[in-house]
1. For percent of Cα pairs over 20 Å apart, several values are listed as (1) 58; (2) 67; (3) 61; flag the one computed from this structure.
2. On full extension of the chain, what length is gained from residue 176 through residue 7, given 0.36 nm per residue of separation minus the C-alpha to C-alpha distance?
3. Under a 1.4 Å probe, what is the accessible area of the chain per residue, stated in Å²?
4. On a straight-distance basis, which aspartates and glutamates could pair with residue 185 in a cross-link, Cα separation under 20 angstrom, same-chain partners fewer than 8 positions away excluded?
5. For region 1-83, which GluC sites (Glu not before Pro) are both in a DSSP coil and crowded by at most 15 other Cβ atoms within 10 Å?
6. Over the chain, what percent of the accessible surface lies on carbon and sulfur atoms, probe 1.4 Å?
7. Which percent, nearest 5, of DSSP beta bridges in the chain are antiparallel?
8. For residue 157 and residue 184, FRET efficiency with R0 = 35 Å and r from the beta-carbon atoms, rounded to 0.05?
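The values are calculated or read from the model by the stated rules, or taken from the named source; none is laboratory data. Source: prediction; values computed, not measured. Glycine also receives a Cβ, built like all others from the backbone with ideal geometry; neighbour counts cover every protein chain displayed. What goes into the accessible areas is simple: the full protein's heavy atoms, side chains included, and nothing from ligands, DNA or RNA. Shrake-Rupley method; radii C 1.70, N 1.55, O 1.52, S 1.80 Å.
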Amino acid sequence: MISAYFSPQYEVLTAYSGREAIQEAEKQPDLILLDINMPEMDGLTVCRTIREHVTCPILFLTARIESADQIMGFQAGADDYIVKPFDLDELAARIAAHLRREQRRSSPSTVRFFGKCAVDYSARTVTVHGEAVVLSRREFDILELLSLNPGQVFDRERIYESVWGIDGEGSSDTVMEHIRKIRAKLARHTLHSYIETVWGCGYKWNG
């Protein structure tokens with residue numbers, strides 16, 4: 001019944017005993033549903049056996065409702081505990097939530113937060129208090145360089161070479177103008193000075 005319900009959306013592997021479940025776990029599924037009452041080997045034993053070798057969520061389906069049984073399930077390494085009888089739509093929602101959480105964990109983070117300022121390096125966007133700060137390509141490049149290296153001082157020449165390249169046709173003086181613009185745009189949203197001048201040395205990110 002459960003297999004037929006989820007087959008249209010997911011590739012479903014089915015096991016009819018605890019030993020079969022261990023064999024199927026070798027295929028590294030994205031999520032495992034285990035019944036505590038299984039022939040040959042119960043679900044708790046299966047969970048303890050495979051937990052160290054699989055990173056995916058393990059959900060228990062069981063008719064046991066005692067809190068002690070649930071504690072045993074979590075101690076065995078389960079991520080969720082669903083008591084029978086359950087609604088298949090609710091089970092589907094739980095599964096989807098666990099899979100989304102796993103996807104977020106496996107995706108490298110491309111966003112950094114500095115107080116109320118969020119820098120998304122993949123989308124190349126900056127927000128302060130949830131409001132977008134519109135930067136030009138070069139302005140974002142400078143902010144990216146500084147914010148990825150908070151506290152590190154960069155002189156104008158190094159910033160220019162990093163952003164424009166050593167073959168850039170301008171001069172490092174343009175860095176001052178770009179930083180002035182970045183500061184002005186950030187200042188419309190916050191009083192915090194994210195780019196700090198280190199006199200005689202250059203600039204650093206003050207997150």
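1. (2)
2. Values: separation 169, 0.36 × 169 = 60.84 nm, distance 5.93 nm.
Computed gain between residue 176 and residue 7 is 54.9 nm.
3. Details: 12420 Å² over 207 residues.
On a per-residue basis, 60 Å².
4. Counting by Cα, and skipping residues close in sequence, residue 185 has these aspartates and glutamates nearby: 120, 131, 139, 141, 144, 173, 177, 196.
5. Details: sites: 11, 20, 24, 26, 40, 52, 66; in loops: 11, 26, 40, 52, 66.
Sites meeting the loop and neighbour criteria: 11, 26, 40, 52, 66.
6. Working: 6200 of 12420 Å².
Here it works out to 50 percent.
7. Working: 16 of 24 bridges.
Taking every DSSP beta bridge within the chain, about 65 percent pair in antiparallel fashion.
8. Details: r = 23 Å, r/R0 = 0.66.
Computed FRET efficiency for residue 184 and residue 157 comes out at 0.90.
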